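The values are calculated or read from the model by the stated rules, or taken from the named source; none is laboratory data. Here the structure is a predicted model, which is why all the values come from computation and not from measurement. Here Cβ is always computed from backbone atoms with ideal geometry, including for glycine, and neighbour counts include all displayed protein chains.
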Amino acid sequence: TELRVGVVGAGIMGADHVARLTGTTTGAHVSAIVEPDAARAAAAARLAPGAKLFSRVEDALAADAADAVVIATPGRFHEPVLLPVLEAGLPILCEKPLTQDPESSWRIVEAEQKAGRKLIQVGFMRRFDPQYRQLRDLIASGRAGELLMLHGVHRNPSVPDGYTQPMLINDSVVHEFDVVPWLAGASITSVEVKYAKRNALSPAHLREPILVLMELDNGVLVDVEMNVSVQFGYQVATEAVFQRGVARIGQPEGLQLWQDARFALNEHTSYVTRFKQAYDIEVQDWVDAARRGAIAGPSAWDGFKVAVACAAGVKALDTAGPVPVELPETPEFYAV
Ligand code: ISE
């Protein structure tokens, strides 16, 4: 029988996951949508005929309306949704971040350990992107020698109202804090933030672009340009510097067009298209794993580690020089 999935939050990502689970993913369908905003709920319901609508996750759980839950609310609402779903013992795909600070993320890993098995997969979709996987394989293979540095760019055309300075870290660089250790097979030991010349096109309350520097415990140095007002499109790319080579991922691809004395390649304008393949694979793997009682990607412990790095990153926004990242020992529960 198919996995009955409840989707909590029907904003950009929630609605995208509803469409994916309905049209692309096999072995699952959307049985419930939890969304307090009536217009959003109705729009999402049109994508998933038959799904029941609820305004609170507790009501969906009480009605036994789902076997598993996708959480796609804004990050600050993750904890109050995660806790009752963990209590109910259902598998969860939780959009990033797990929660917005290490203290609440710690409460989540404690609640999961109480539940007795890994129920949470965190939505760090870059780990499912085919190009990121190729780069990770290249690093692990040693074919180009040892990895020395990573140069990243993370560029958004613009950001929604309500995007604040700490969100440069908590909402955006959060992805690099997960994917960099995964790529390099190493932990982040410090985070530093440098300010570029401010873009006059940035919203008045933002000071960006920023350059984020990360030191890893294997000596690899990482820099990321975090830039959320580039206007021209959505771009996430990495250059990896090895002993005997250089590799790049995330370059524009697809149709090449020569016209009017110009050469053009299309650029993405949103993460929804740039990472479409990654999201498709992520959700399918999560569904397949949930049906056999497992997870298939970043765990709640990975989410906790990222929350610790984010706390250092937010501090680094107002600190000259590197801020250390200190992690507690990995609990037995997450060691395997
Ligand atoms: C957004 O929430 C995402 O997760 C995107 O991947 C990221 O590029 C963007 O900066 C965030 O605001």
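Collect the residues in the range 242-301 that are of a type in the set (A, V, I, L, M, F, W, C) and surrounded by fewer than 11 Cβ atoms within 10 Å (Cβ to Cβ), keeping them in residue-number order.
Those that are of a type in the set (A, V, I, L, M, F, W, C) and surrounded by fewer than 11 Cβ atoms within 10 Å (Cβ to Cβ): L255, W258, A261, F263.
Mind checking whether some residue in the range 317-336 is at pLDDT below 95, over 30 Å from A19 (Cα atoms) and not in a loop (DSSP other than H, G, I, E, B)?
Taking every residue of the range 317-336 in turn, at least one turns out to be at pLDDT below 95, over 30 Å from A19 (Cα atoms) and not in a loop (DSSP other than H, G, I, E, B).
Test each condition in (1) away from the ligand (no atom under 15 Å from the Cβ); (2) among the small types (G, A, S); (3) within 21 Å of T269 (Cα to Cα) for G152 and report the one that comes out false.
G152 satisfies every listed condition except (1).
With the requirement that a residue be surrounded by 17 or more Cβ atoms within 10 Å (Cβ to Cβ) and at pLDDT below 95, what does the range 69-87 give you?
G75
State all residues of the range 208-223 that are in a loop (DSSP other than H, G, I, E, B) and either within 16 Å of the ligand (Cβ to nearest atom) or surrounded by 18 or more Cβ atoms within 10 Å (Cβ to Cβ) (or both); if no residue qualifies, say none.
As a first pass, look at the range 208-223 and keep what is in a loop (DSSP other than H, G, I, E, B): 208-209, 217-220.
Matches in the range 208-223: E208, P209, V220.
Which number in (1) more than 11 Å from the ligand (Cβ to nearest atom); (2) in contact (Cβ under 8 Å) with a residue 60 or more places away in the chain marks the one condition that A184 misses?
For A184, the failing item is (2).
For L90, work out the one condition from (1) away from the ligand (no atom under 16 Å from the Cβ); (2) surrounded by fewer than 16 Cβ atoms within 10 Å (Cβ to Cβ); (3) not polar (S, T, N, Q) it doesn't fulfil.
Checking L90 against (1) away from the ligand (no atom under 16 Å from the Cβ); (2) surrounded by fewer than 16 Cβ atoms within 10 Å (Cβ to Cβ); (3) not polar (S, T, N, Q), the one that fails is (2).
I'd like to check which helices (runs of 4 or more DSSP H) are fully inside the range 224-316 and have at least 1 residues that are away from the ligand (no atom under 16 Å from the Cβ).
Those helices (runs of 4 or more DSSP H) span 276-291, 300-316.
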